[in-house]
Each structure stands twice: as C-alpha cells, then as structure tokens.
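Working notes, beginning with the structure itself.
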C-alpha cells in the first residue's frame, strides 16, 4: 500500500544497526520530524554519497527538530560497517525482512528489489503530528539530503534551534 501525503505514518518500534530501540511514536511525541531515507545497498557508490551527505548535514537536521534514519534491507552487520567506514551520524535501521519498507510503501529497486533484497531510493518525512508530510520517490543520492533539508527549512524556518534532547 502506498502512503499519501497527510496519511498517518506507521509509528512503529524498530531496532537500529547498533541494537538500540527506535520508537517512532515517542519521537513524534517529542515534537520531532522524522526523515527516513530508504536506500538500496550499504557501501554502494550512490548510497555512500547519500550517506555522506546526511552525515555532513546531521547537525542542521537536528537544529530543525528532525531525526534522520537510513533504512535498507541490509543486515545490521553490513550497516555497522557502512557506519564505521563513513562515520555516519543518525540512526541506521536494518530491515532485512522488508517489513518497514512495506509499511511505508517503498518499492523494490527497478521492480526487482524484493527479489534482490533492495529498496528504491525513496525518502519519507513524518511531521510532528505523526503524519506523512512529504514523500520523495526515486531520489538523486547526490542531492537528496540537501533537498530534504531545504524543505524542512521552509517548513520550520531558520529561527532558533529546537531542543536536541531526543536520542539518535
């Protein structure tokens, strides 16, 4: 099922690559935006570029009240290597079963993703009310993080930083 703008987001609890619980409902309850950037394969060239950009802009997202999570069908071990290699900030969520991707309507890579265990490169923004604020499909990995950040700036403004007490 494809989600539409304004739909309630599936606010589930998942484990990140480090084994920590990520509670999307709790983050929304704290008034946070949530950015989920789905990507095909850890350490591939496009995903590396996309991950580096999100890492570079991590603090800017936090200042706008957003938590950022990369999601792929890779196992946690592959994501941990990806995190270490790129010094990624923010959470990385392994989804080898595809449950989170299905919940958010993220399709497979070139239509074969479910067979190959890869996602399309889609980014989903959940607003502090727990609704789907924006969906970017088949994003450019070299521009995605900046596009999402600019959108957030237009929504939140570049005013005083919001509290950064939420864990990543």
Worksheet item: Within the group 65, 90, 98, which residue is surrounded by fewer than 23 Cβ atoms within 10 Å (Cβ to Cβ) and modelled with pLDDT of 90 or more?
Response: 65
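Helices (runs of 4 or more DSSP H) wholly in the stretch 22-95 with at least 1 residues that are touching a residue at least 12 places away in the same chain (Cβ under 8 Å) and farther than 28 Å from residue 157 by Cα - which ones? Show your work before the answer.
Values: elements: 24-29, 45-56, 58-63, 76-86.
Fully inside the stretch 22-95 and qualifying: 45-56, 76-86.
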Discussion item. Here are the criteria: (1) farther than 14 Å from residue 93 by Cα; (2) modelled with pLDDT of 90 or more; (3) not in a loop (DSSP other than H, G, I, E, B). Tell me which single one residue 6 does not satisfy.
Written reply: (3)
Worksheet item: Quick one: which of 39, 54, 33 is out of contact with any helix residue (DSSP H, G or I) (no Cβ under 6 Å at 6 or more places or on another chain) and surrounded by 22 or more Cβ atoms within 10 Å (Cβ to Cβ)?
Response: 33
Discussion item. Yes or no: the stretch 105-118 includes at least one residue that is within 24 Å of residue 32 (Cα to Cα), in contact with a strand residue (DSSP E or B) (Cβ under 9 Å, 6 or more places away or on another chain) and either surrounded by fewer than 13 Cβ atoms within 10 Å (Cβ to Cβ) or modelled with pLDDT of 85 or more (or both).
Written reply: yes
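The values are calculated or read from the model by the stated rules, or taken from the named source; none is laboratory data. Source: prediction; values computed, not measured. Reconstructed Cβ throughout: ideal geometry from the backbone, glycine too, with neighbour counts over all protein chains shown.
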